[in-house]
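Inspection log for the structure reproduced underneath, given as structure tokens.
The values are calculated or read from the model by the stated rules, or taken from the named source; none is laboratory data. Since we're looking at a predicted model, the values are computed, not measured. Cβ coordinates were reconstructed from backbone atoms using ideal geometry, including for glycine residues, and neighbour counts include every protein chain displayed.
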């Protein structure tokens, strides 16, 4: 239970950072929708889990927030990437790529099993 | 870094909660609206759109709750909540809170105080940098080293950064000012480097300045610099005469530096080639700094090896020689300081245990009146762990509040200790000037508070949370009695309290009695009419015994003719001192001893003929010394009764011949001409030692005490006595001039302190135990009020009720005494080796103390029981 949540939390943070980098300042609902769409509906999670993750990133100083007005004139809290967040995104993205690459090699059908 | 930042943010999240809550609500609100709008756009009905948005969010309240957990620190928040709640609960029952607080304050306070003492005496008695890397190298248990052995160790020791030597001796200062006596130390040139200190003014000794002929310089202590030179920097370069020789001041040490304890000045240790080659006499104290990375064990192994090598090469002197490497702190501590400090630590530990038991009992009592509260909390969903945590938090909170009060109490205790101690003793007692409440003591206090809070709280918390909520609610409104298990536990606590109190109070009584006996025994010498003074004749000026004798003759003549003086005498040591005695081996003619270690031994005293009469030491047989015992006449000696009985049991010692020293030594045979009563010279020996007295005409010593018996107050003669000695030799001033009763008080004051402290601890424990038993009894009676009412209504006699009510208390005391008495006797046996006059068979103490305790316990049990028989049956029944 705890492990799954951790993995999810870790990847979720990366997704949030990436989303903010791609789309610029965005509110929580927008981030949630974007992640869902990008994942091609493979990830079906509660939007609610996003908010503690946003708070954590903000406490760590990777994102900042401020109240603004949405397209259809609604008040919403907008999150945006900080400089530390940009750096963190690069670092994590690199790590993630490395990890997937290594795993991909492992999982590639039986080259080294001789 | 990031983690820290997040932690700070979360800590901040604990505050301004209202605003944060509003913001969270607004954010959720805007999220839902946007989602609902999107859903509406896809053609859902309004209700369905809202429902779907909620589902997708995963529940509004749950999301908010998760968010809050991340926002603050949930653990800390519950704790704060518990503390807030605990504070409210404590305020609601001020009686309970005050009693518990006071008990804990006393229990924790004495622990803090004694911890501070122990820290000052045993951990950091010296203000030296990196004290824990400093060691002393000794011969055997704690003897100094022989000079040649020291130099061998210095050249061969690999584990040591520096090895240095010193020799402490008293010195006579003369020169521009009034002559005075100073604590001096002759030190090797690398002494200060080894200790890691340097003068604040001027310089330390250089290599080569500890050679004869180059050594006429000295370093002043801050104290002496102030006293003699008014803290004038121009003191550098000035000349001071020490024992008649001129020395130039080259440096001043920092105020905090006092090593060896005590020291007024340091001069170089200039050993002649002959002295350097000496392997026979253990005359040098050796200190060393361990190299970085070198352990005490490694250093010890190295010195053990050296000892073996030296034993092989120099079998005559170094046979069986063993060196010991010990922490310097251990080396400087007083011979009995450690034992007494540990005794005190044990005693305050016991006091704390009793205090905790008492507070635990109070909490048991309170827990039963809180049953309905706990039951309601449980019914509302608090699990057992949560309840236990709540109660423990309260208990720890209580302990911390107690600790704050305890710190004040500790400060008061230390103030008492320090302010009443004679300054003379403070100087000689390593670490006494370092007593204070420092950060270590503060940490210790907090730790003690935490532990006692848990100790006192854990059982009550477990016991009271065990009951089922339904039971608590059902019983809550009625006056039913407590569960059986809880009551038993509570009785066990009180029993333990009384038993422990018994042990401690008996120990305290033994100690106090021992101290009173000791000080009482001084009366035999009527010390309030004796003035004592010390003199020390430098060997350089008085090389020949005749010269010393001439000085003493003139001094005694001058002193005995002072107005108000009845007689004057010279002697080596006064009764009930604690500076150690001059201990040595002797031989008996006709009974050759195989070697030194199998030789008989005794304390050696050199006295003038008037001494026995002046000090009221009775002559039991034979004759005293007279003026006819001269240098040229037959060498004679007096022996104490103990010595006579030990070596000539059943026959007379008179007429036998003895010789001072080992079997290989030569020296005159002394004829025993008289037997004196026993005198306890060093009270730390606990019993008088066998003693040999020699006449000062036949063995005049360089250092001696002089005494004057006066008709009036001896203090009034102090000045005249001083100038009388100064008139004979201005360069050998009298020192430690004081009435004998003052000197004895100063030598025994440490024991008196321990006695007083133990007495206070005993009283505290007694009071706490009595409060404890009273509390339990009062509660039991209160609980059974309606039962008693029914019984009375049914015709029970008052006597029966009294018995019913007090039976429990009697049972508790009986069990407590059955456990406590054997424990008290056993601990008294342990203490007997430590405490003067404490005998495990001291019937008076063992009869009186338990009786007092028993009476106190009986009263504590009886008072509530009496309340039981006054119960009005009507009121009691209506109460239900």
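Computed values, structure above
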{"read-out": "Unique residue being out of contact with any strand residue (DSSP E or B) (no Cβ under 8 Å at 6 or more places or on another chain), closer than 29 Å to residue B:718 by Cα and touching a residue at least 24 places away in the same chain (Cβ under 8 Å) when the list is B:575, B:609", "value": "B:575"}
{"read-out": "Residues being without any contact (Cβ under 8 Å) to a residue 40 or more places away in the chain and more than 9 Å from chain A (Cβ to nearest Cβ) - total across the range B:18-28", "value": "5"}
{"read-out": "Checking residue B:213 against (1) modelled with pLDDT of 90 or more; (2) on the phi > 0 side of the Ramachandran plot, the condition it does not meet", "value": "(1)"}
{"read-out": "Qualifying residue in the range B:174-188 (condition: touching a residue at least 12 places away in the same chain (Cβ under 8 Å), over 19 Å from residue B:262 (Cα atoms) and within 35 Å of the chain's Cα centre (by Cα))", "value": "no"}
{"read-out": "Subset of the range B:1-15 (residues that are modelled with pLDDT under 80, closer than 17 Å to residue B:80 by Cβ and at the interface with chain A (Cβ under 9 Å from one of its Cβ atoms))", "value": "B:13"}
{"read-out": "Those strands (runs of 3 or more DSSP E) lying entirely in the range B:661-720 with at least 2 residues within 19 Å of residue B:741 (Cα to Cα) and under 34 Å from the mean Cα position of the chain (by Cα)", "value": "B:703-710"}
{"read-out": "Extreme residue, modelled with the highest pLDDT, among residues of the range B:221-241 that are buried (at least 17 other Cβ atoms within 10 Å of the Cβ) and touching a helix residue (DSSP H, G or I) at 6+ places or on another chain (Cβ under 7 Å)", "value": "B:225"}
{"read-out": "Count - residues of the range B:274-302 that are in a helix (DSSP H, G or I) and closer than 27 Å to residue B:121 by Cα", "value": "5"}
{"read-out": "Residue list for the range B:30-48, restricted to those being within 13 Å of chain A (Cβ to nearest Cβ) and either in contact (Cβ under 8 Å) with a residue 12 or more places away in the chain or surrounded by fewer than 19 Cβ atoms within 10 Å (Cβ to Cβ) (or both)", "value": "B:31, B:32, B:33, B:35, B:36, B:37, B:38, B:39, B:40, B:41, B:42"}
{"read-out": "Condition check for residue B:194: part of a helix (DSSP H, G or I), touching a residue at least 60 places away in the same chain (Cβ under 8 Å) and buried (at least 21 other Cβ atoms within 10 Å of the Cβ)", "value": "yes"}
{"read-out": "Failed item in (1) part of a helix (DSSP H, G or I); (2) modelled with pLDDT under 85; (3) more than 26 Å from residue B:596 (Cα to Cα), with residue B:316 passing the rest", "value": "(3)"}
{"read-out": "Number of the condition not met by residue B:732 [criteria: (1) buried (at least 20 other Cβ atoms within 10 Å of the Cβ); (2) in a helix (DSSP H, G or I)]", "value": "(2)"}
{"read-out": "Residues located in the range B:659-673, provided they are modelled with pLDDT under 95, surrounded by 15 or more Cβ atoms within 10 Å (Cβ to Cβ) and in contact with a helix residue (DSSP H, G or I) (Cβ under 9 Å, 6 or more places away or on another chain)", "value": "B:662"}
{"read-out": "Test result for residue B:792, in a helix (DSSP H, G or I), touching a helix residue (DSSP H, G or I) at 6+ places or on another chain (Cβ under 6 Å) and at pLDDT 85 or above", "value": "no"}
{"read-out": "Residue match in the range B:156-167 (condition: part of a loop (DSSP other than H, G, I, E, B), at pLDDT 90 or above, in contact with a strand residue (DSSP E or B) (Cβ under 8 Å, 6 or more places away or on another chain) and more than 30 Å from residue B:444 (Cα to Cα))", "value": "yes"}
{"read-out": "Odd one out for residue B:270, checked against (1) crowded, with 22+ Cβ neighbours inside 10 Å; (2) out of contact with any helix residue (DSSP H, G or I) (no Cβ under 8 Å at 6 or more places or on another chain)", "value": "(1)"}
{"read-out": "Residue in the range A:37-47 that is within 8 Å of chain B (Cβ to nearest Cβ), modelled with pLDDT under 90 and assigned to a helix (DSSP H, G or I) present", "value": "yes"}
{"read-out": "Of all residues in the range A:66-99 being within 9 Å of chain B (Cβ to nearest Cβ) and touching a strand residue (DSSP E or B) at 6+ places or on another chain (Cβ under 8 Å), the one that is surrounded by the most Cβ atoms within 10 Å (Cβ to Cβ)", "value": "A:76"}
